[in-house]
Amino acid sequence: MDIYQAVLNRHSARRFKPDNITDELIAKVLEAARWAPSWRNNQCWQFIIIRDKPVIEILFKGSSGKFFNAPVYIVACADPTKSGKREGIDYYIADVASAIENLLLAATAEGLGTCWIGAISHEESIRQILEIPSPLRVVAIIPLGFPAEDFAARTRNFVTNLIIRNRSRKELSEFCHMNKFGNRFSIRT
Ligand SMILES: Cc1cc2nc3c(=O)[nH]c(=O)nc-3n(C[C@H](O)[C@H](O)[C@H](O)COP(=O)(O)O)c2cc1C
């Protein structure tokens, strides 16, 4: 699968098959995360790989983020002190986000499903359960597994579409500008 296919095929999977995934496959997608760009190449991220079902259930107890029954969950953390800050912009989130996106795309290329769960309402208890040291922040939890539903079929189903929210994207003309803000970007022939 080339990079454009992976980008287009990646989608948030919210149902998973119980089939397990090997440590080798997990290591392969983590390797993709490893090569992400980061502030001064500080690589401020830390990933905790969880296969232990009871631990996963505890993690999602009382959370507004959903427990999707995946065989593996990856808790993505980042150390703000190991990244930069500029005029109120914290780059640790950008660092770990680029690593996460690499991981999501690599997982797609491997036929795996993922979902970026950012609705983490009980970070402190997650930190305690997983013994995550201060000052690390928990940025996302990513279920990883073989998706239980066929993506192409799902996108054809109107009702399911409503449930999984609208996956449409803005047109390039809505967010791309040529030379200065407001000048419409268009392809010159
Ligand atoms: C920062 C961030 C936080 C997100 N949090 C959640 C979440 O808590 N629960 C969830 O089901 N999806 C979550 N998502 C997934 C988005 O809903 C999803 O990416 C978006 O609707 C586009 O759909 P797609 O991923 O299938 O292209 C999150 C995505 C991002 C980037």
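The values are calculated or read from the model by the stated rules, or taken from the named source; none is laboratory data. These numbers come from a predicted model, not from an experiment. Counting neighbours? That spans all protein chains shown, and the Cβs are built from the backbone with ideal geometry, glycine included. SASA here: full protein model, heavy atoms, side chains in, ligands and nucleic acids out. Shrake-Rupley method; radii C 1.70, N 1.55, O 1.52, S 1.80 Å.
Looking at (1) in a helix (DSSP H, G or I); (2) over 21 Å from GLY118 (Cβ atoms), which one does MET1 not meet, given that it meets all the others?
In the conditions (1) in a helix (DSSP H, G or I); (2) over 21 Å from GLY118 (Cβ atoms), MET1 misses (1) alone.
Scan (1) modelled with pLDDT under 95; (2) surrounded by 21 or more Cβ atoms within 10 Å (Cβ to Cβ) for the single condition GLY88 breaks and write down its number.
(2)
Quick check on my filter: what residues within the stretch 114-135 are open to solvent by less than 50 Å² (accessible area, probe 1.4 Å) and among the acidic types (Asp, Glu)?
Within the stretch 114-135, just GLU123 meets the criteria.
Scan the stretch 21-28 and give yes if some residue there is free of Cβ contacts under 8 Å to residues at least 12 places away in the same chain, within 16 Å of the ligand (Cβ to nearest atom) and on the phi < 0 side of the Ramachandran plot, otherwise no.
Scanning the stretch 21-28 turns up no residue that is free of Cβ contacts under 8 Å to residues at least 12 places away in the same chain, within 16 Å of the ligand (Cβ to nearest atom) and on the phi < 0 side of the Ramachandran plot.
Only one of these is part of a helix (DSSP H, G or I) and either within 14 Å of the ligand (Cβ to nearest atom) or in contact (Cβ under 8 Å) with a residue 60 or more places away in the chain (or both): GLU101, GLU124. Name it.
It is GLU101.
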